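This report concerns only the one structure given below.
The values are calculated or read from the model by the stated rules, or taken from the named source; none is laboratory data. Every value quoted in this text rests on a predicted model; they were computed, and no experiment measured them. Quick reminder, even Gly has a Cβ in these numbers, built from the backbone with ideal geometry, and neighbours come from all protein chains shown.
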Amino acid sequence: MRSLMQQPFRTAVLVLVWGWLLFLVLAPNLLVVGASVATRDPVSFISLPLNLDAYRQLFDPLYLEVFLHSLYMAAMTTLVCLLIGYPFAWALSRVPGRRQLLLIFLLIVPFWTNSLVRTYALKLLLATNGLLNSALLGLGWIDEPLKMLYTEGAVVIGLVYLLLPFMILPLYSVFDDLRQELLLASHDLGAGRVATFFHVIVPLTLPGVLAGVMLVLLPAMGLFFVPDILGGSRNLLVGNVIKNQFLDARNWPFGAAASIVLTITMAFLMFAHKLSKQRIGEDGV
Amino acid sequence: MKKTLLSLRNLTKQFDGKTVLDSLDLDIADGEFITLLGPSGCGKTTLLRLMAGFEHPDAGSISLAGEELIDVAPENRPLNTVFQHYALFPHMSVFDNVAYGLKMEKRPKDEIRQRVEEALAMVQLQDYVARKPHQLSGGQQQRVAIARAVVKRPKMLLLDEPLSALDFKLRRTMQVELKRLQRELGITFVFVTHDQEEALSMSDRVVVFKDGVVQQLGTPREVYERPANLFTARFVGETNFFPGRVEAADAGDSITVDVLGLKRTFRRPDFAVVDGQSLHVLLRPEDIRVLAPDDTEGLPGRVVERNYKGSTLDSVIHLEDGTEVLASEFFDEDDPTFDYRLGEPVRVSWVDGWEWLLPEESAAAEAEAVTDA
């Protein structure tokens, strides 16, 4: 106790960090866990006794379908982000000095506008009489407007648009660390471009890929306002289910159970990420 | 002289309009240990990268045993490189790093295992096959890099300042190791360094570079004892430059030169001399003799610095006319007076015949030689 008094700064920092973790991370999560095993109550939202009904309900074919469809759209989003983000980050890391900073800056600029507003902007582009259809009609490339809004594709486009920077930034970071000397060494030892890509570049950028997947896949299951604006009634995300359970259906245990499933998925991804970093000799986080 | 393995002709390379290599010609013999020596930015690493195929020259040719290499991709050249920072693949074990080149050649598994084990035994790392590079010390990583490069039995090994990241003692050990490996393997080594001591102690021949131009090509002894110009003289080892004036240039094999007021007779140099011409008289610190003040020979001066180096005593002496002289003498156990106090008066001389003469260069070249070295 005396040592704590003697080091007021150290003590203050520790109290702040632990206080933050206890009250703002641990406690809310415990509440969610608690809610997930409680019984639904129309008055006080949750009540005793404790049971696993909410988790059982997750396997209800109706919700299972929503869950799988949401996972499918999130996976598509992640895949598209990866296919665009990987070469993008690679090219970005090879751009000389100042221009590189400018490009990263441009990548971050959209964050200055609220994502809800940007999603509405996307709606204006994709609508039946929106900008994209008008342009294509004007150019004579199509004869009648394409149905783009309120489709699965629109949701994926919206999610890719919002989440792409979260894929690019961690990938950029691993490409930036990738030493050119290693690629030269690979060529020097007789590997062509393709062999070098699969034997050296892919394994060394894998931690970035997994970090990007972590940052895209989970939010892509949760960003409920994207399907609300772009997806119509059939393209729901797990996020919509959770939101509906809490706000509309007033079924807190079920909403909590659904969100815990997301948290567990996240934990698995983080574990994989840690393993991939250990493999190349970096300390996992 | 053995037969030529690699032959460079008129090799030129520019980066952003700056000439890094200027019409370079060089023949490298089969089995020799040749060192490219020069200050940073002199073009030695660029030359190595051109040989490896990482850069494409603007003009000229590189031929290996008569075969043109310019348009051959690095992966298809029978040369291997040891990189400055080792460039080991961090996600692969020591075994997989060394096996990489053989796997690319699609060798049978048994052969790969046998050759990798041989290569690792050669660098005394056979017990480390399963380690990852980050679990090894710098010296061990260096050995893996060497094993990885020689396992493919290249015609030539290119080494880009491979020892620069190691500490002094380890460096010494690795220098001896590399020499031994080169003798045992009989592979041609092209070694890049900016460390003149390393260059002198390891090489069969040294190429001294400056600004993309070869200043001198010769054995370590030729480069040290008979430098071709002021730059080489200054870059390789320490040197005293004394201004000289030719007094008599007509006396057959020898000439008389006035050095700091002393009349000395020198062997005629291989450049033309005329009466009254100014030239440089070069003397290495170990050629200098420091004598007692009551001696009749040499020039009077005072000791202004003394550095005890263990095996030698290095001193700086100011002559009366202000000239600074570096001297390096081996300890003589039998001489009780062998040591100086600062400020002590002494006389400075040198052994006749150990000096080396160089003509004066343009003022700009002389100034540059000083700043570069």
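The set of residues from the stretch B:77-119 being over 29 Å from the mean Cα position of the chain (by Cα), part of a helix (DSSP H, G or I) and small (Gly, Ala, Ser) comprises B:Ala99, B:Gly101. Against the numbered list (1) away from chain B (no Cβ under 12 Å); (2) in a helix (DSSP H, G or I), A:Leu236 comes up short only at (2). Cβ-Cβ below 6 Å, separation at least six or inter-chain, first residue in the stretch A:261-279 and within 14 Å of chain B (Cβ to nearest Cβ), second surrounded by 13 or more Cβ atoms within 10 Å (Cβ to Cβ) and of a type in the set (A, V, I, L, M, F, W, C): which pairs? As it stands, the answer is A:Ser276/A:Leu206; A:Ser276/A:Leu210, since those pairs meet every condition given. Restricting to the stretch A:149-175, name every residue that is more than 21 Å from A:Pro110 (Cβ to Cβ) and surrounded by fewer than 19 Cβ atoms within 10 Å (Cβ to Cβ). Across the stretch A:149-175, the qualifying residues are A:Thr151, A:Glu152.
Scan the stretch B:5-24 residue by residue and report those that are without any contact (Cβ under 8 Å) to a residue 40 or more places away in the chain and either crowded, with 17+ Cβ neighbours inside 10 Å or not hydrophobic (A, V, I, L, M, F, W, C) (or both). Before the answer, list the steps.
Initially, the stretch B:5-24 is screened for residues without any contact (Cβ under 8 Å) to a residue 40 or more places away in the chain, giving B:15-18, B:23.
Across the stretch B:5-24, the qualifying residues are B:Asp16, B:Gly17, B:Lys18, B:Ser23.
One residue stands out among those in the stretch B:120-152 that are outside any helix (DSSP H, G or I) and within 12 Å of another protein chain (Cβ to nearest Cβ): the one that is farthest from B:Leu47 (Cα to Cα), which is B:Arg131. Look at the stretch B:286-310: where a residue is of a type in the set (Phe, Trp, Tyr) and a partner is surrounded by fewer than 16 Cβ atoms within 10 Å (Cβ to Cβ), sitting 6+ places away or on another chain with Cβ atoms under 9 Å, you get B:Tyr308/B:Asp339.
Before we move on, is B:Gly60 surrounded by 17 or more Cβ atoms within 10 Å (Cβ to Cβ), under 27 Å from the mean Cα position of the chain (by Cα), more than 8 Å from chain A (Cβ to nearest Cβ) and over 18 Å from A:Leu184 (Cα atoms)? Show your work before the answer.
On the way: surrounded by 17 or more Cβ atoms within 10 Å (Cβ to Cβ): yes; under 27 Å from the mean Cα position of the chain (by Cα): yes; more than 8 Å from chain A (Cβ to nearest Cβ): yes; over 18 Å from A:Leu184 (Cα atoms): yes.
Here the answer is yes, as B:Gly60 does meet what is asked.
Residue check: is B:Thr193 out of contact with any Phe, Trp or Tyr (no Cβ under 6 Å at 6 or more places or on another chain) and surrounded by 19 or more Cβ atoms within 10 Å (Cβ to Cβ)? It would help to see each step written out before you state the result.
Values: out of contact with any Phe, Trp or Tyr (no Cβ under 6 Å at 6 or more places or on another chain): yes; surrounded by 19 or more Cβ atoms within 10 Å (Cβ to Cβ): yes.
So B:Thr193 passes the test.
Among residues that are buried (at least 18 other Cβ atoms within 10 Å of the Cβ) and closer than 25 Å to B:Gly218 by Cβ, B:Thr81 is not included.
Does A:Ile264 fit the bill of being over 17 Å from the mean Cα position of the chain (by Cα) and in the same structural domain as A:Glu152 (by TED's automatic domain parsing)? Considered against the rule, which asks whether it is over 17 Å from the mean Cα position of the chain (by Cα) and in the same structural domain as A:Glu152 (by TED's automatic domain parsing), A:Ile264 comes out as no. Is it the case, given these coordinates, that A:Leu178 is at pLDDT below 95 and more than 24 Å from B:Tyr100 (Cα to Cα)? Criteria not met by A:Leu178. Consider B:Glu184 carefully, then state whether it is at pLDDT below 90, assigned to a helix (DSSP H, G or I) and either of a type in the set (Ser, Thr, Tyr) or closer than 21 Å to B:Gly31 by Cβ (or both). Yes. Among the residues of the stretch A:230-249, the one identified as surrounded by fewer than 18 Cβ atoms within 10 Å (Cβ to Cβ) and either touching a helix residue (DSSP H, G or I) at 6+ places or on another chain (Cβ under 6 Å) or closer than 12 Å to A:His69 by Cβ (or both) is A:Arg234. Within the stretch B:239-274, being within 18 Å of B:Glu360 (Cβ to Cβ), not in a strand (DSSP E or B) and not charged (D, E, K, R) holds for B:Thr239, B:Ala249, B:Leu260, B:Pro269, B:Phe271, B:Ala272, B:Val273, B:Val274. How many of the residues in the stretch B:193-216 are in a strand (DSSP E or B) and touching a helix residue (DSSP H, G or I) at 6+ places or on another chain (Cβ under 6 Å)? Going through the stretch B:193-216 one residue at a time, the tally reaches 7.
Of all residues in the stretch A:219-242, count the ones that are under 12 Å from A:Tyr72 (Cα atoms) and within 9 Å of the chain's Cα centre (by Cα). So that I can check it myself, show each step before the final result.
Kept after step one, since they are under 12 Å from A:Tyr72 (Cα atoms), are these residues of the stretch A:219-242: A:220-221, A:235-238.
With the extra rule that they be within 9 Å of the chain's Cα centre (by Cα), the set shrinks to A:220-221.
Summing the residues that are under 12 Å from A:Tyr72 (Cα atoms) and within 9 Å of the chain's Cα centre (by Cα) in the stretch A:219-242 gives 2.
Checked against the criterion of being under 27 Å from the mean Cα position of the chain (by Cα), more than 30 Å from B:His91 (Cα to Cα) and among the hydrophobic types (A, V, I, L, M, F, W, C), the stretch A:164-181 contains not a single residue that satisfies it. Screening B:Lys179 against (1) of a type outside the set (Ser, Thr, Tyr); (2) surrounded by fewer than 16 Cβ atoms within 10 Å (Cβ to Cβ); (3) not in a helix (DSSP H, G or I) leaves a single unmet condition, (3).
Residue by residue, here is whether (1) exposed (fewer than 14 other Cβ atoms within 10 Å of the Cβ); (2) in the same structural domain as B:Val246 (by TED's automatic domain parsing); (3) at pLDDT 80 or above holds:
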residue	(1), (2), (3)
B:Asp294	yes, no, yes
B:Val303	no, no, yes
B:Val325	no, no, yes
B:Pro336	yes, no, no
B:Glu344	no, no, yes
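Tell me whether the stretch A:186-201 contains one or more residues that are in a helix (DSSP H, G or I), more than 14 Å from every other protein chain (Cβ to nearest Cβ), of a type in the set (Ser, Thr, Tyr) and farther than 28 Å from A:Leu122 by Cβ. Don't jump to the end; show me each part of the working.
Step one: of the stretch A:186-201, the residues in a helix (DSSP H, G or I) are A:186-188, A:193-201.
Subsequent filtering for residues that are more than 14 Å from every other protein chain (Cβ to nearest Cβ) retains none.
No, the stretch A:186-201 has no match at all.
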